Amino acid sequence: MPKTSPSCSECGLLNCYRHDKHFPDFCLTEGADREVVESISQLYRGQNQDAVIARAAAEVEGTYYGKLTRVEEIIAFANRIGAKLIGIATCIGLIQETRVFVKILKAHDFQSYTVLCKVGSVDKTEIGIPDELKVKKGSYEAICNPILQARLLNEQKTDLNVIVGLCVGHDSLFIKNSDAPVTTLITKDRVLGHNPAAALYTSNFYYQRLLQPGQKL
Ligand code: SF4
């Protein structure tokens, strides 16, 4: 059995960031195989895609820290990795926001190609989802089809794919099947206005239920 705790979430020092404190006994940095760390560091050097992405992300962070919105950061990042065609994997519930994003991309000289989550229009019952689990029971209700979203964007040979509000799990399938690197513009939270962090910020009072053990969801 792998040892799962303590890990970085139990560390109050975070010394790996600036070397201004000390490493805890259980530190994952101290415990890591240095050869593995060095071989992974090699992946961030040179001109391979991972290295280009790593440097572009760091450049956007370092240049615009706290100054740009995420919409703008995606544009800045896309420019730095040389992306021309942006794929958008959107949720139907966020199609209006996607349309605005497409206009913004155009204003910044990007091409874009959008695939809606319901593409393919396969009824949920066709993949074994019972009618009682439909949002609107008794109606035709298409599955979210993240694998087809990814395949269609792969066919277009998009340079960077952007998730706009895909569901939990559908996003996993999209990321798994996307050829292009993926980033997220909007993380869906139907209750909290797409700000899932709000549940964590308010878990000391309004969302205390999150911390109650034994709740099976
Ligand atoms: S790597 Fe070490 S210092 Fe960094 S957060 Fe994890 S345990 Fe703490």
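The values are calculated or read from the model by the stated rules, or taken from the named source; none is laboratory data. Note that this is a predicted model, so its numbers are computed, not measured. Using ideal geometry, Cβ is built from the backbone for each residue, glycine included, and neighbour counts are taken over all protein chains shown.
Quick one: which residue in ASP123, ASP171 is acidic (Asp, Glu) and within 20 Å of the chain's Cα centre (by Cα)?
Just one listed residue meets the conditions, ASP171.
Looking only at helices (runs of 4 or more DSSP H) that fall completely inside region 1-120, which ones have 1 or more residues that are away from the ligand (no atom under 16 Å from the Cβ)?
34-43, 49-64, 70-80, 95-107
Being crowded, with 19+ Cβ neighbours inside 10 Å and at positive phi is the filter here, so list the residues in region 147-182 that pass it.
GLY165
Look at region 110-142 and say how many of its residues are free of Cβ contacts under 8 Å to residues at least 12 places away in the same chain and hydroxyl-bearing (Ser, Thr, Tyr).
Result for region 110-142: 2.
Only residues in region 26-43 that are closer than 18 Å to PRO2 by Cβ count as the first member; pair them with residues that are exposed (fewer than 10 other Cβ atoms within 10 Å of the Cβ) and modelled with pLDDT of 95 or more, Cβ under 9 angstrom, at least 6 apart or cross-chain, and list the lot.
PHE26/GLU10
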